[in-house]
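Can you read through this structure? Questions will come right after.
Please treat every number below as a calculation from the coordinates, not as lab data. Bear in mind the structure is a predicted one, so any value in this text is a computation, not a measurement. Glycine also receives a Cβ, built like all others from the backbone with ideal geometry; neighbour counts cover every protein chain displayed.
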Amino acid sequence: MSDTNFQAAAYTSMGTPRDQVTLPAELFDGTVNMPVMHRVVKAFLANQREGNAATKTRGFVIGGNQKPWRQKGTGRARQGSTRSPLWPGGGTVFGPQPRSYDEQVPRKMRVLARKSALNARARENSIYVIDRFVYESPRTRTLAGLLLRLGVDGQKVLILTDGYKPNVYLSGRNLQRVQILPYHEVSTYHLLWSDVVLIEAGALGQTLEPVPEKESSPVARRPKPAREELAAEAKPKKSSRGSAAKAKAAVKARVAPKKAAKAAPKRTTRGGAAKKTTRPAARKTAPKKKGK
């Protein structure tokens, strides 16, 4: 136990800096108990498991009631069922069965672990105090702008509100690496998961007087390309006139003989069938013999 007084940076809900705030001494006293935090986090993760994995023993596999072959005389090993674990498709021996992975941790140990996690973040100067979150309606852009002005938009951020505030939760549920919880429901796991913790002043039992808000700087965004640039990228690049003319001439030279051959008239017979252009050679007939 130490008498260290931790100071935390304070901001308004729009990101305007305020004077630093002294964190409560009864909670932030510098205690960091690593073994207790490890046990509590391990129990928290174990309690998330459903334990639904299950396999079938030979008594639950369908089929196999008939003896595959007679007991003696076949030369093979005796078998009583095709659902034996020795057979393909048979039952499983010592497989997983539904079970509970719950681990019970004493309440005082959970309180100590949560206190240690808060002190660990306070040592790293990773705790920011927000005077109050007052959102008339859900607005993701407002919360994203706050994180950007605090310089923590690329980190894992945990926001702890004073009680349930649906508008704040709905404003941040679409943001990656951002979790929003009521202060009294936060666990040691969530505190150690985060890189930065934003705590509402009312949750710590402090009341910060409102200060005049400065004009919030616009959120930096990637500049959108102009319409002319998009149109230029969408249009295919045209080749030079000389190369295009040469290419057209080459195509015409290839296609012209084929078109001429197709356009040549074909001789037809009376029945309408096409007649071959080449005539068969005349047959030589033997001269007729004159009669005696």
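Run the simple label-point estimate for D19 and V134 please: 7 Å along Cα→C-beta, distance reported in nm.
With each label point 7 Å from Cα toward Cβ, the separation is 2.1 nm.
Consider a paramagnetic label point 7 Å from the Cα of A9 along Cα→Cβ; state which residues of the stretch 191-207 have an amide N under 11 Å from it.
Counting only backbone N, you get no residues.
Additional query: Would you calculate the separation in nanometres between label points at V105 and A54, each defined as 7 Å from the Cα along the Cα-to-beta-carbon direction?
So the label points at V105 and A54 sit 3.0 nm apart.
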